[in-house]
Amino acid sequence: QVQLVESGGGLVQAGGSLRLSCAASGRTTNANAKAWFRQAPGKGREFVSAITWSGGQTYYADSVKGRFTISRDNVKKTVALQMNSLKPEDTAVYYCAGRRDVTPTTRAGDYEYWGPGTQVTVSA
């Protein structure tokens with residue numbers, strides 16, 4: 001079993017920045033590839049970004065590329081999402097996800113482990 005907990009969400013004005021962090025505990029060797037998803041009110045879960053176990057390869061949705069940066073620290077067992085130039089359409093609950101495979105995917109159903117989410121609200 002792997003436990004994931006997000007932190008760092010909050011309220012920010014458009015154009016501002018937030019840094020989300022995901023802390024892992026338990027059998028963390030079962031969660032290798034990591035990803036961030038988000039879900040806005042009335043919408044489905046949307047892929048945001050992903051990173052390989054080594055951190056050597058990163059992936060981004062077109063909507064956030066150039067604004068968001070994903071990184072990980074395998075010693076501290078954390079994954080971060082630096083969000084810059086935030087827009088109101090970025091408002092959502094952000095979830096940290098992990099899967100046993102070292103290769104990430106963009107499908108939420110491919111991930112076995114999920115955090116409870118953290119709210120990000122961007123005001124106009």
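The values are calculated or read from the model by the stated rules, or taken from the named source; none is laboratory data. This structure is a prediction, so every number in the text was calculated from the model and none was measured. Heads up, the Cβs are rebuilt from the backbone with ideal geometry, glycines too, and the neighbour counts pull from every protein chain shown. Note: areas computed on protein heavy atoms with side chains; ligands, DNA, RNA excluded. Shrake-Rupley method; radii C 1.70, N 1.55, O 1.52, S 1.80 Å.
May I ask which residue of P116, A80, Y59 lies farthest towards the positive end of the charge dipole of the range 1-122, with charges of +1 (Lys, Arg) and -1 (Asp, Glu) on Cβ and the Cα centre as origin? Of the candidates, A80 comes out farthest on the positive side. Let me check I've understood the local charge: for K77, count other residues with C-beta under 15 angstrom from its C-beta, Lys and Arg +1, Asp and Glu -1. What total comes out? Combined, the nearby Lys, Arg, Asp and Glu give +2. Can you pull the percent of the range 8-76's accessible area that's carbon plus sulfur, 1.4 Å probe, other chains left in place? Of the solvent-accessible surface of the range 8-76, carbon and sulfur hold 48 percent.
Let's test the formula: R0 of 25 Å, r as the Cβ-Cβ distance of R67 and E112. What FRET efficiency results, to the nearest 0.05?
Values: r = 28 Å, r/R0 = 1.13.
For R0 = 25 Å, the calculated efficiency reads 0.35.
Annotation: per residue accessible area for the range 23-123 equals 50 Å², rounded to a whole number [probe 1.4 Å, protein chains only].
From Cα pairs below 8 angstrom and at least 6 apart in sequence, can you work out the relative contact order of the chain, rounded to a whole percent?
Details: 317 pairs, mean separation 45.5, N = 124.
Computed value for the chain: 37 percent relative contact order.
About its Cα centre, the dipole of the range 1-82 is roughly 80 debye, where the only charges are +1 on Lys and Arg Cβ and -1 on Asp and Glu Cβ.
Exposed loop sites here are trypsin sites (Lys or Arg not before Pro) in DSSP loop states with at most 16 other C-beta atoms within 10 Å. What is the longest stretch of the chain lacking them? In the chain, the maximal stretch lacking such sites is 1-26. Counting only DSSP beta bridges with both residues in the chain, the antiparallel share comes to about 90 percent. For K43, the lysines whose Cα comes closer than 29 Å to its Cα, not counting residues fewer than 8 places off in the same chain, are K34, K65, K87. Modelled spin labels at V102 and Q82, positioned 7 Å past Cα toward Cβ, are 2.6 nm from each other.
Highest GNM mean-square fluctuation among A31, A92, A14, for the chain modelled with Cα contacts below 10 Å: A14.
Just to be sure I understand: if I project the alpha-carbon convex hull of the chain onto a plane and average over all orientations, what area do I get in nm²?
Numbers: hull surface 27.0 nm².
Approximately 6.8 nm², given one-decimal rounding.
Work through the residues other than G115 whose Cβ is under 15 Å from its Cβ and net out their charges, Lys, Arg +1 and Asp, Glu -1. Around G115, the charge tally is +4.
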